[in-house]
1. For region 271-383, what does the relative contact order come out to in percent, with C-alpha contacts under 8 Å and a separation of six or more?
2. Provide the packing ranking of 166-172, 198-204, i.e. peptides ordered by the mean count of other C-beta atoms within 10 Å per residue, highest first.
3. Can you tell me how much longer the chain between residue 339 and residue 157 gets when fully stretched, taken as 0.36 nm per residue apart minus their C-alpha distance, in nm with one decimal?
4. What is the calculated FRET efficiency for residue 171 to residue 198, with r their C-beta to C-beta distance and R₀ = 51 Å, to the nearest 0.05?
5. What ranking do 174-185, 306-317 get when scored by the average of other Cβ atoms within 10 Å per residue, highest first?
6. Taking 7 Å along the Cα-to-C-beta vector as the label spot, tell me the residue 46-residue 316 distance in nanometres, rounded to one decimal.
7. Roughly how many whole Å is it from the C-alpha centroid of region 173-208 to that of region 304-378?
8. Starting with the highest mean, order 383-392, 51-60 by the number of other Cβ atoms within 10 Å, averaged over the residues of each peptide.
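Every read-out reported here was derived from the displayed coordinates using simple, explicitly stated rules and does not represent laboratory data. What you are looking at is a predicted structure, and each value in this text was computed from that prediction instead of being measured. Positions of Cβ are backbone-derived with ideal geometry, glycine not excepted, and every protein chain shown enters the neighbour counts.
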């Protein structure tokens, strides 16, 4: 199938392209980028006024399958992904059973292939059962298709185990993604510790519960000469530690999620359980720090941390509600606000949501180079829409953004040359 995207703004930061042109897809590959391409055998899509970018990649998604399919399945998660403009997602291992064996990794890959919607890259557990004691079989898991290792959702408390994980992963050319949380400091906490938690009478989670393990894991990476990726950064302190480490040449990368630069703990005054997450929403000063870290490159990636939960886990008292929100279908619009605010250029945004995730994970994508797989997202940066969780592709509805008026949306998502989502 041939597909000709006409007259769009083609943005490819890896190839330093930002221009109005046409793009021709043939045989699942990008074959031409020129002005005024004519091909009578191609299906034509008018991309005038839109951005044509490398397919967005979310390197932090919870697809819940196997084990929690009532919250999300691989199929519905992939449907939500392409509706949000993502051509690929990396799924975290906190499933049931935990993805700590070849059989679970292969199951995820098989289910993704059967769905045939988005690319799915399994992240395997760093330790058996994500219990933080004994390393998983990294070599076997990587051979089965795992792209990285993490106990996301749980911290690796034992520093020696984390050291061995980083060294072992490095020997296989793989990456450890660290969930940085000191559980002795965050225990029983419900929101960010500060003025708002005091006013609301809710037990707080101090920012140092994140800062301390970030410093530890960076120290391990620096000592061993390995690399580490810091997940869901939310504090100004963590940003400062990462920034200083990068200046020293430590091989550390980091991500944050749209909720951490779009909302602060001020939003919790209504006790909306859809705003309960881990790490929690932080202070307005932390929000400003996230934006500055994205602007100056301290934070490399915008990830969704898409964490679907059913009403069973969310429609309860705040104290008992599960942590997490869905994000695949709102991430792009929230991130486009950074462009409107002048925090990021369009190319910077594409870098954070496509090129950098591909590079960090070592997977295909992130570019529209000639001969590259035609994983493409077409974005209307000015399209107005209102969030309505009732029509989301995700099985779950736990979004704090329901009813928000947004600007900017993916209107066409192409995976391997095939259209997987088309607006309307």
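1. 25 percent
2. Ranked from most to least packed, the peptides come out as 166-172, 198-204.
3. So the extension gain works out to 61.8 nm.
4. Plugging the Cβ-Cβ distance into 1/(1 + (r/R0)^6) gives 0.60.
5. 174-185, 306-317
6. Modelled inter-label distance: 5.2 nm.
7. Result: 22 Å between the Cα centres.
8. Top to bottom by mean Cβ count within 10 Å: 51-60, 383-392.
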